[in-house]
1. For peptide A:32-41, compute the average count of partner chain beta-carbon atoms within 10 Å of each residue's beta-carbon.
2. Normalising by the residue count of the stretch A:2-85, find the relative contact order in percent from Cα pairs under 8 Å and 6+ residues apart.
3. Identify the residues of the stretch A:41-68 with backbone N under 20 Å of a label point that sits 7 angstrom from the Cα of B:I14 along the Cα-to-Cβ direction, or state none.
4. For chain A, the longest stretch holding no GluC sites (Glu not before Pro) located in a DSSP loop with at most 10 other Cβ atoms within 10 Å is which?
5. Along the charge dipole of the stretch B:2-85, pointing to its positive end and built from +1/-1 on Cβ of Lys, Arg, Asp and Glu, which listed residue (B:N67, B:L29, B:V39) has its Cα farthest out?
6. For chain A, just run the numbers: alpha carbon Rg, then divide by 2.2 N^0.38 Å, N being how many residues it has.
7. As a check on your grasp of the helix formula, calculate [θ] at 222 nm for the protein assembly as shown: sum -39500 (n - 2.57) over DSSP H runs of n ≥ 4, divide by the residue count, round to the nearest 500.
8. Report the semi-axes of the equivalent ellipsoid for the protein assembly as shown in whole Å, largest first, where each axis is √(5λ) for an eigenvalue λ of the Cα gyration tensor.
There are 2 protein chains.
Amino acid sequence: MVRVAIDVLLKDEILDPQGQAIERALPQLGFEDVREVRVGKHVELTLPAGDDLAERVEAMADQLLANPVIESFTYRVLDEDHDRAR
Amino acid sequence: MVRVAIDVLLKDEILDPQGQAIERALPQLGFEDVREVRVGKHVELTLPAGDDLAERVEAMADQLLANPVIESFTYRVLDEDHDRAR
């Protein structure tokens, strides 16, 4: 089994009100000069290894995790051999 | 400037209903054997470089981005020299 992380963000051209809210709140907490804050979804899941791993992860993200019209996603393998690691 | 990604997830012992909903929906879409789905927040932001980068990012996450009682976070640097890369 493989542990994969999928990060979903609004596309650059789409307004991100949650990111803007965080950006505005940070100076009041003493964090100056923080810019371009974007907020999205982080999904971690465990699935069977295989040559078609990339294909399966991309299909899952496209069909269920991200809205391809307004969001884009990236993914990465966190743990190649998740079962043995536990 | 440095581009940083911060991932916030509910702690392992906290129930994650959104992750469970995704886990239940996946077989109906043809994705079998996907387990341990956890859903959280993905934040990307740009901030000034410096020796205290880790300290600043951790303070931001603790104070604004994550609820330390029920959530944990990880972070990573995406781009060490974000201004020049643009």
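Rule-based calculations on the coordinates, nothing more; no lab input. The model shown is predicted, which means the values in this text are computed figures rather than measured ones. Cβ: placed from backbone, ideal geometry, glycine included. Neighbour counts: every protein chain shown.
1. Mean partner-chain Cβ count within 10 Å for A:32-41: 6.
2. With pairs under 8 Å counted, the relative contact order is 54 percent.
3. A:41-46
4. Between exposed loop sites, the widest span is A:33-86.
5. B:L29
6. 1.36
7. -6000 deg cm²/dmol
8. Taking √(5λ) for each Cα gyration eigenvalue gives 29, 17, 16 Å.
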